Amino acid sequence: MSHYQVVKGARDIFPDEMVQWKYVEEVVSRLAVTYGFSEIRTPVFEYTELFQRSIGASTDIVGKEMFSFQPDPGGRSITLRPEMTAGVMRAVLQKNLLAASPVQKLYYISELFRKERPQAGRQRQFSQFGAELLGASSPAAVAEVIIFMMHVFESLGLKGLRLRINTLGNRDDRQKYREALRAYLAPSFDRLDEASRERFEKNPLRILDSKNPEMQDIVAGAPKLRDYLSSDAVDDFEKVLAYLSGRGIDFQIDHLLVRGLDYYSYTAFEVTSSELGAQDALGGGGRYDSLALELGSPSEVPAAGFAVGMERLLIAMQKQGLFQQQAPEGPSVFVVVQQPEHFDRAFEIAGKLRRSGISTVIDLARRSMKAQLREANRMHAASALFVGGDELASGLYALKNLVSSSQETFSLDGVVTFLQQQTPVNGNLR
Ligand code: AMP
């Protein structure tokens, strides 16, 4: 066993689990294309101000969870990205993509970093898939990102999900509500927990998000955001809900849902899974028209997006048995070297098969023939090609089907033709 351990809060993904990741990523990418989203990759780090400015200085993420460092003495601080939205918006604004095409639809599958206390479903390095739809403010745009997200879950076969949704109104609505909320909370300030006191000035809406049971009666009596919504916000929300209903998506309106980040307006949503225990949030998102303004754009850029935690998605799928336990697909052929002196010729033959697109393994550990065949069976190789002195002299090779044990003799070109006619090798995603 190695002296070294993986860093706490991070994890390795080995080939057997990698098959599951690839499968989920493939479904995400395929549906993204179906919905007209194109993939974007941004750097894993950004200048720290980007996150301070966009996510908001009063949030937990910026306040305590960022991995920030200063690579050059006296230089600017940079931060490992704790979420994707800010980086994507930065990239789109920097490249002025919206001038070329006024609606940008982007998706990603990316690693993120947050300095949280590691526990089940909470890591310091984790991944999300998500989408950002920039430049369209209509309720249809928000509905589209939600429908895309739910379609991914549906395609994966995931059950037991709960979609909660709310509207946070426009900026004026929230300003009025914030004042009302502070006026309500001020007399009970001493009874607020520490986190809520910190949020009181800058981000009182987040107090409603508190999971602390002692805060629940205070939260329950608070004025309701829905009483402060303009008719514009209400109409917008109803249209979003109508699109979801039209698509047959179940949701629950949750007036307390505010999400953690400063930049949301209008619709916000969250999906939880009954499989996930304490960390039951699978993903969420909403509309964030004012983010571009925060990042120096001269005007708002209507925007909506979501992010789903890949690790939690995989945990939920594993619990529901959605990955069929299949023997991993083996190579088409295992080249069995009969005598060690023939290894180099056999190695050339393996090369020829591979150049012909046939997945081929040769025993680099140079074990006995018996051990090679054992290895071929262990890897679920479909066939074994025997290479020895007689074969090399005659140019005729025995190819044994390792499932049926039947054997045929071919020239080397014949082997290639025969194996190429066998079923394709890389179809096994599940
Ligand atoms: P957020 O950006 O905080 O809304 O997170 C969106 C989703 O990402 C969550 O619902 C989780 O599925 C996932 N997620 C967030 N933080 C973590 C973490 N520290 N470890 C694993 N998954 C996370």
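In whole angstrom, note down how far apart the Cα centers of the stretch 10-63 and the stretch 393-420 are. After rounding, the separation between the Cα centres reads 46 Å.
Rounded to the nearest 10 square angstrom, Tyr263 shows an accessible area of 10 square angstrom against a 1.4 Å probe.
Once the mean of 1/r is taken over each pair of separate Cα atoms and inverted, the chain shows a Kirkwood hydrodynamic radius of 25.2 Å.
Calculated accessible area for the stretch 55-134 comes out at 44 Å² per residue, all protein chains present (probe 1.4 Å; ligands, DNA, RNA ignored). For the stretch 333-422, the fraction of 1.4 Å probe accessible surface lying on carbon and sulfur atoms is 50 percent.
Axis angle, to the nearest 10 degrees, between helix 85-94 and the longest C-alpha principal axis of the chain: 90 degrees.
Using a probe radius of 1.4 angstrom, the carbon and sulfur fraction of the accessible surface of the stretch 180-262 is 50%.
When the pairs Lys176/Lys224; Lys211/Lys319; Lys159/Lys319; Lys8/Lys319 are compared against a 19 Å limit on Cα-Cα distance, Lys211/Lys319; Lys8/Lys319 fall above it. For the stretch 333-422, the solvent-accessible area with a 1.4 angstrom probe is 55 square angstrom per residue.
Using only Cα atoms, tell me the angle between helix 343-355 and the longest principal axis of the chain; keep it within 0 to 90° and round to the nearest 10. It works out to around 50 degrees.
In plain terms, the bigger the Kirkwood radius, the slower the diffusion; for the stretch 333-422, with that radius from Cα pairs, at 37 °C and 0.692 mPa s, Stokes-Einstein puts D at 256 µm²/s. For the pair the stretch 111-151 / the stretch 95-109, the C-alpha centres are spaced 17 Å from each other. Rounded to the nearest 10 degrees, the inclination of helix 310-319 to the longest alpha-carbon principal axis of the chain is 70 degrees. Measuring max minus min along each principal axis, the C-alpha atoms of the stretch 118-225 give extents of 49, 38, 25 Å (largest first). If you run the Gaussian network model on the chain, springs between alpha carbon atoms under 10 Å, then out of Arg11, Arg287, Arg53 the most flexible one is Arg11. For the stretch 257-306, the solvent-accessible area works out to 28 Å² per residue, with a probe of 1.4 Å and every protein chain left in place.
The values are calculated or read from the model by the stated rules, or taken from the named source; none is laboratory data. Please read all numbers here as calculations on a predicted model, not as lab measurements. Heavy atoms of the whole protein, side chains included, go into the accessibility calculation; ligands, DNA and RNA do not. Shrake-Rupley method; radii C 1.70, N 1.55, O 1.52, S 1.80 Å.
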